[in-house]
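Notes to accompany the following structure.
Just so it is clear, none of the values below were taken in a lab; they were calculated from the coordinates. Keep in mind the model is a prediction, meaning the values are calculated, not measured. All Cβ positions, even for glycine, are placed from backbone atoms using ideal geometry, and neighbour counts span all protein chains on display.
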Amino acid sequence: MKTFFLLAACFNGLASLALAEWHSWRGDLAGSGHYSGGAALPQTWAKDKKVCWRVDLPEPGNSTPIVVADRVFVTQAETETHWRGLYCFSLKEGRLLWKKGLVYDKQEKTHRTNHYCSASPVSDGKMVVASFGSAGVRAYDLQGKQLWKRDFGAIDHEWGNSTSPVLHGDLCFHYHGPGKGAFLTALNKTTGETVWTWQEPDWQPSERTDGFKGQGLGIIGSFSTPILIKSGGREELVMSFPLELKAFDPLTGKVLWSSTGLNPLVYTSPMVHENTVVAMGGYYGNSIAVKTGGAGDVTASHRLWQEVRHNGGIGTGIIKEGYYYYHDSGGIVCCLDIATGQTKWKERLPGAGKSWGSFILAGDLVYTLSQAGDTVVFKANPEKFEVISQADVGETTNSSLVPHEGQLLIRTHKALWCIEP
């Protein structure tokens with residue numbers, strides 16, 4: 001019991017800290033994407049308006065930065081020299097403070113649009129952990145000293161990888177996948193030693209695939225990042241996999257429950273509202289909602305609804321007061337009622353629209369960044385789609401916005417931007 005309460009306290013403390021400083025890809029352990037800083041975020045800007053600083057990056061990258069105190073961390077590849085690593089910038093002025101990494105000269109599979117080092121780093125305020133895909137995982141202190149390293153071999157998937165590591169208590173959760181031999185593991189965050197590992201099965205088509213009966217699975221894989229949630233008196237580490245949503249005991253790796261109903265290819269991370277987890281497949285895959293706290297296969301007992309060949313996309317949405325706002329990656333934004341699975345409305349975003357990035361929420365305002373570099377701000381309103389503002393930096397991006405005390409960080413294929421209030 002003592003261990004549980006210590007971890008629970010750490011959970012609450014880290015969640016609050018991450019919301020203020022954005023220590024991980026989605027800001028907190030539950031991956032909510034909610035900004036709770038004291039200063040309002042900017043709603044309009046341009047290349048020459050409200051730009052605090054802009055610093056060039058050596059080549060395109062899809063990962064999202066994180067903010068720790070007065071520093072910005074972002075993963076970056078330099079393909080000509082086969083370098084994979086982590087950049088640390090000054091939040092105040094955008095100056096490069098240090099960069100650390102390694103040379104990986106082996107062949108690494110990926111899609112031409114999924115650049116190396118697509119996973120975002122994560123921090124607990126004292127250290128930073130970064131996944132470099134096939135090149136392994138590295139942990140650094142805030143001054144750039146390497147604390148430990150782990151190498152798990154090549155990730156064997158034609159579309160590469162992008163799952164970000166997660167820190168909680170004394171553990172670092174890392175997904176080495178997708179592809180053949182993929183696994184989810186918990187590492188000791190101080191030493192990098194393995195605490196537990198769950199081996200992903202060899203997914204096979206069957207009646208349970210819901211909507212894919214009698215078909216081959218095609219390209220299979222998960223690009224989801226796990227989340228940590230509370231359910232009753234326990235914590236659950238929840239992640240979307242091909243065909244299934246699963247919850248694990250974060251301390252032991254024991255599978256607590258699983259629900260079928262997803263499709264073979266999953267991009268988005270699960271989202272939680274009260275005691276319900278929503279998971280979506282990508283590119284018109286399946287969407288499901290599952291009640292937490294179950295045991296074993298809960299498909300029949302805890303799966304609340306399923307939408308087959310739904311309009312889910314690549315980026316993860318946000319939840320506000322029982323409604324899930326997300327986009328289909330093709331420029332259509334949707335509002336879904338979590339209780340019923342019914343779509344309240346679907347509307348086309350102004351501007352370029354198409355996006356790989358994930359939403360953030362500030363108050364009742366949703367921010368979404370398109371691949372063309374324009375940001376649309378709209379109200380989280382289940383009754384109608386209401387655009388508040390639109391802004392543009394004019395550079396291609398597959399990243400997500402990062403809020404911090406009235407500022408916004410934008411990582412494009414050319415640069416890292418800091419937008420001032």
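Where the only charges are on Cβ atoms (+1 Lys, Arg; -1 Asp, Glu), what is the dipole of the range 258-336 about its Cα centre, to the nearest 20 debye?
On the way: 4 positive and 5 negative charges, 11 e Å.
Dipole about the Cα centre, nearest 20: 60 debye.
Report the Cα centroid-to-centroid distance between the range 317-360 and the range 105-140 in angstrom, as an integer.
One Cα centre to the other: 28 Å.
Quick one: which residues, 5+ away or cross-chain, put their amide H under 5 Å from the amide H of TRP257? H built at 1.01 Å from N.
Residues meeting the amide H criterion: ALA247, GLY296.
Rounded to the nearest 20 Debye, what is the dipole magnitude of the chain about its Cα centre when Lys and Arg each give +1 and Asp and Glu each give -1 at the C-beta? Present the calculation step by step, with values, prior to reporting the outcome.
Details: 40 positive and 41 negative charges, 59 e Å.
My answer is approximately 280 debye.
What ranking of SER120, SER301 emerges when the number of other C-beta atoms within 10 Å of each C-beta is taken as an exposure proxy, fewest first?
Details: SER120 28, SER301 13.
Lowest to highest Cβ neighbour count: SER301, SER120.
Loop only per DSSP, at most 13 neighbouring Cβ atoms within 10 Å: give me the trypsin sites (Lys or Arg not before Pro) in the range 71-166, ordered by residue number. The partial results should precede the final answer.
Working: sites: ARG71, ARG84, LYS92, ARG95, LYS99, LYS100, LYS106, LYS109, ARG112, LYS126, ARG138, LYS145, LYS149, ARG150; in loops: LYS92, ARG95, LYS106, LYS109, ARG112, LYS126, LYS145.
Here the trypsin sites (Lys or Arg not before Pro) that fit, given the DSSP loop and packing criteria, are LYS92, ARG95, LYS106, ARG112, LYS126, LYS145.
Only sites in a loop by DSSP and with at most 12 other Cβ atoms within 10 Å count here; which trypsin sites (Lys or Arg not before Pro) in the range 306-410 make the cut? Intermediate results must be reported in sequence, preceding the final value.
On the way: sites: ARG309, LYS320, LYS344, LYS346, ARG348, LYS354, LYS379, LYS384; in loops: ARG309, LYS354, LYS384.
Sparse-neighbourhood loop trypsin sites (Lys or Arg not before Pro): LYS384.
Please arrange ILE227, ILE314, ILE388, ILE219 by how many other C-beta atoms lie within 10 Å of their C-beta, fewest to most.
Values: ILE227 25, ILE314 20, ILE388 14, ILE219 11.
Least crowded to most crowded, the residues run ILE219, ILE388, ILE314, ILE227.
Could you tell me how far the Cα centroid of the range 368-421 sits from the Cα centroid of the range 30-78, in Å?
Cα centres, the range 30-78 to the range 368-421: 10 Å.
Taking θ = phi - 60°, what integer Hz values does the Karplus form 6.51 cos²θ - 1.76 cosθ + 1.60 yield along the range 368-381, in sequence order, with x for Gly and Pro?
Karplus values, whole Hz, x for Gly and Pro: 9, 10, 8, 5, 7, x, 9, 10, 10, 10, 9, 7, 7, 10.
Excluding same-chain residues fewer than 8 positions from LYS291, which lysines have a Cα within less than 19 Å of its Cα?
The qualifying lysines are LYS230, LYS246, LYS254, LYS320.
For the range 383-400, what does the Karplus curve 6.51 cos²θ - 1.76 cosθ + 1.60, with θ = phi - 60°, yield as ³J(HN,Hα) per residue in whole Hz, taken in order and with x for Gly and Pro?
Going residue by residue, I get 8, 7, 8, 10, 6, 9, 7, 8, 9, 8, 9, x, 10, 5, 8, 10, 8, 10 Hz, with x marking Gly and Pro.
Cα convex hull of the range 2-419: mean projected area in nm², to one decimal? Show your work: numbers first, answer last.
On the way: hull surface 72.0 nm².
Convex hull of Cα atoms, orientation-averaged projection: 18.0 nm².
Charges on Cβ only, +1 for Lys and Arg, -1 for Asp and Glu, centred on the Cα centroid of the range 2-419; of PRO270, GLY233, LEU142, which one is farthest towards the dipole's positive end?
Ranked along the dipole, the leading option is LEU142.
Farthest toward the dipole's positive end in the range 2-419, which of LEU365, SER389, THR75, given Cβ charges of +1 (Lys, Arg) and -1 (Asp, Glu) about the Cα centre?
Of the options given, the answer is THR75.
Among all stretches of the chain without exposed GluC sites (Glu not before Pro) (DSSP loop, at most 14 other Cβ atoms within 10 Å), which one is longest? The partial results should precede the final answer.
Numbers: sites that count: GLU93, GLU158, GLU193, GLU274, GLU321, GLU383, GLU386.
That would be 1-92.
Quick one: what are the phi-derived ³J(HN,Hα) couplings along the range 341-346, Karplus 6.51/-1.76/1.60 with θ = phi - 60°, whole Hz, x for glycine and proline?
So the Karplus estimates, Gly and Pro as x, are x, 7, 7, 7, 7, 9 Hz.
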